[in-house]
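S.K.: Encoded as structure tokens, here's the structure I'll be asking about.
What follows is calculated from the coordinates using simple rules that are stated; it is not laboratory data. As the structure is a prediction and not an experimental result, all values here were calculated from the model. Neighbour counts are summed over all protein chains in view; Cβ atoms, including those assigned to glycine, are modelled from backbone coordinates with ideal geometry.
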Amino acid sequence: MEKVNILLVDDQPGKVLSYQAILADLDENLILARSGREALQCLLKYEVALILLDVIMPEMDGFETATLIRQHPRLEQTTIIFVTAFSMSDMDRLKGYELGAVDYVFAPAVPEILRTKVSVFVELYRKRQELQNLNRVLTETNAAMAAEIAERKRAEAALEAARASLAQRVEERTRELRAANEDLARASRLKNEFFACMSHELRTPLHAILGLSEAMQDQTYGLINENQLEALGNIAESGRHLLALINDILDLSKIEAGKLELEKAPVMVEFVCQASLRFVNQMAQQKRLKVFTNLENAVTTIQADERHLKQILVNLLGNAVKFTPEGGSIGLEVAGKVEPCTACGTTFGATDLAGHGVVHFTVWDNGIGIAREDLERLFQPFVQLDSGLTRQYPGTGLGLALVRRLVNLHDGSISVESSFGKGSRFTVSLPWQADDQRQFSTRLETEAFTDSTENR
């Protein structure tokens, strides 16, 4: 515990030595002053816990000294005990108390009484110091908390202002985006309507061109020579190519506009595959390509829109032919994967149609292939992966985009595996239901019954 200062003011050395001996056991710092003036100098220099002030002193007595002590703001609460060897009247004692004395000690002092009184007031001083320190800490803490609260309120106000500003900007941005989306939707609708209208308007005269060219090839209007026949063949081929492009644009526009509805029915897989191959057969022969087919016998029918399933396969086969160099190979594979029957817990083989699963239509080639970094852009409309390909392999870039959308409409999926310079494999996976074969048989029986009824 830190020692405190006790100021002893007395002009008699004998009394001073006596007080020093009595107070030695308290182990505090005892400061000595032989006059009131010297006491005032000590008080300006030291912080004291207690003043033992002799009443009778030359020049300035204890009462005068106490009066001057109390005039100093720092010493207003300092404890003063008057020490006197004379009996005092009640008026003198009252005067001492009025000057701020807290007690009196009469000489010669009883050691136990003096030590007890001094120790009590020293302890009170220490408690008062602790309270003052605590008050100072509390004041500083309150000031810090008040500053923190004020800062927090400023931060909350700033945050609220920022939040309001952000909400306003978000609202403005939302309005802008909504307006932009409306403009985009309107532009997309107008684009689709334009494509649909233009495709329809273009198909009408194109059908006439194809019909007339075929009639002239059949020499309906008279004999023609070989050069004319070859020219008509080129016209018909170009017309069919243009018609296919127009059909792709029209179908894609319908899909994006949500107006294309599939007409699903049981479809013979082998029939639709052979029909699709016939569409690209002439182009494949011109490039001397080898065409391979591998159709799993168990996959006989599938529930699909026949025309659009054929459109999917023709687009994929056409790309395979287009991007495969002369003398290369392309192929079409069909395989079924049957899932376990959840009712009985057994797994059916590929030759058993009692299960359900998927049919994989795979079109492969050993052509130019696709770079890994280009695969993500593969199914975007109006995109060809390399601008150089547009000159070497002309096209609109609609084929694969249309294929993916048609596959999605069939609740299927499409995947691609490709190695640049080695070829590609596109796999279309469509749902394969257990009753596809029975539905197909029922449809054939219904058509046969209708034909026989009409013939009667």
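S.K.: With a ≥ b ≥ c taken as the square roots of the eigenvalues of the C-alpha gyration tensor of the stretch 266-307, please select rounded if a/c is under 1.5 and otherwise prolate if a/b is larger than b/c or oblate if it is not?
M.R.: The shape class here is oblate.
S.K.: Any idea what the dipole of the stretch 1-146 comes to, in debye rounded to 20, about its Cα centre with Lys/Arg Cβ at +1 and Asp/Glu Cβ at -1?
M.R.: 260 debye
S.K.: Along the charge dipole of the stretch 5-109, pointing to its positive end and built from +1/-1 on Cβ of Lys, Arg, Asp and Glu, which listed residue (TYR97, ILE69, MET57) has its Cα farthest out?
M.R.: The Cα lying farthest towards the positive end belongs to ILE69.
S.K.: Straight distance only, please: which aspartates and glutamates reach the Cα of LYS287 with their own Cα at less than 15 Å, same-chain residues fewer than 8 apart left out?
M.R.: GLU326, ASP365
S.K.: Separate question: Could you give the nm distance between label points at SER413 and ALA179, where each point is 7 Å from its Cα heading toward the beta carbon?
M.R.: Modelled inter-label distance: 4.2 nm.
S.K.: Among all the lysines, which ones have a C-alpha under 19 Å from LYS117's C-alpha, if same-chain residues fewer than 8 places away are not counted?
M.R.: By straight Cα distance, LYS117 reaches LYS3, LYS15, LYS127.
S.K.: Just how large is the dipole of the stretch 1-87 about the Cα centre, in debye to the nearest 20, putting +1 at every Lys and Arg Cβ and -1 at every Asp and Glu Cβ?
M.R.: It comes to approximately 140 debye.
S.K.: Efficiency by 1/(1 + (r/R0)^6): what FRET value for ASN294 and THR204, r their Cβ-Cβ distance, R0 = 41 Å, to the nearest 0.05?
M.R.: Efficiency at R0 = 41 Å is approximately 0.50.
S.K.: OK, next. For CYS197, CYS42, CYS273, which order do you get if you count the other beta carbons within 10 Å of each Cβ and list the fewest first?
M.R.: CYS197, CYS42, CYS273
S.K.: Additional query: Which lysines have a Cα less than 25 Å from the Cα of LYS191, not counting those fewer than 8 places away in the same chain?
M.R.: Leaving aside lysines fewer than 8 places away in the same chain, those within reach of LYS191 are LYS254, LYS259.
S.K.: Turning to a different aspect of this structure: Evaluate the distance, in nm, between pseudo-label points positioned 7 Å from the Cα of GLU2 and of LEU212 along their respective Cα→Cβ axes.
M.R.: According to this spin-label approximation, the distance is 11.6 nm.
S.K.: Can you give me the distance in nm between label points at GLN71 and ARG372, each placed 7 Å from the Cα along the Cα-to-Cβ direction?
M.R.: A separation of 9.8 nm, rounded to one decimal place.
S.K.: Follow-up question, since we're still on this one. What is the calculated FRET efficiency for ALA187 to ILE224, with r their C-beta to C-beta distance and R₀ = 56 Å, to the nearest 0.05?
M.R.: So, using R0 = 56 Å, E works out to roughly 0.70.
S.K.: A further question on this structure: Taking a spot 7 Å from the Cα of LEU134 along the direction of its beta carbon, which residues of the stretch 57-86 have an amide N less than 14 Å from it?
M.R.: No residue qualifies, since no backbone N sits under 14 Å from the label point.
S.K.: Here's something else I'd like to know. Would you calculate the convex hull of the Cα atoms in the stretch 5-109 and tell me its volume per residue in Å³?
M.R.: Spread over its residues, the Cα hull of the stretch 5-109 gives 91 Å³ apiece.
S.K.: Let's test the formula: R0 of 22 Å, r as the Cβ-Cβ distance of CYS197 and GLU261. What FRET efficiency results, to the nearest 0.05?
M.R.: Efficiency at R0 = 22 Å is approximately 0.65.
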